[in-house]
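What follows is a set of notes on a single structure, which appears directly below.
Each value in this text was obtained by applying a stated rule to the coordinates, not by laboratory testing. What you are looking at is a predicted structure, and each value in this text was computed from that prediction instead of being measured. With ideal geometry, Cβ positions are generated from the backbone for all residues, glycine too; neighbour counts draw on all protein chains shown.
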Amino acid sequence: MVKKKVISVISEDENRGSSEFQVLHFTNKIRRLTSHLEFHRKDYLSQRGLRKILGKRQRLLSYLSKKKRVSYKELINQLDIRESKTR
């Protein structure tokens, strides 16, 4: 198993309600759940939780891409996330 590091790019005095912080928090949760599911493949409740968190993060990222494009680009590069496909 390759343990991915938990990222803390945003400083502690950052607003915890900001979209950027929430995306960071969801990304850390996603990485934690992914490493858990590598060992426990039949943990269906965790799989469901992972899908819900992925959806929440995707909605936040689409909001950021529309409202704060520069911040969105920086966050995508820092967290090493693929850019969402535009429809």
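For this structure, a couple of remarks:
- Along segment 56-64 the Karplus relation, 6.51 cos²θ - 1.76 cosθ + 1.60 evaluated at θ = phi - 60°, assigns HN-Hα couplings of 4, 5, 5, 5, 5, 5, 5, 4, 4 Hz to successive residues, with x for each Gly and Pro.
- Relative to the globular-protein estimate of 2.2 N^0.38 Å, the Cα radius of gyration of segment 20-79 stands at 1.24.
- Two-site FRET efficiency, LYS68 against THR34, from Cβ-Cβ distance with R₀ of 22 Å, rounded to 0.05: 0.25
- Amide N of segment 30-53 lying under 18 Å from the label point, which is placed 7 angstrom from the Cα of ARG16 along Cα→Cβ: 30
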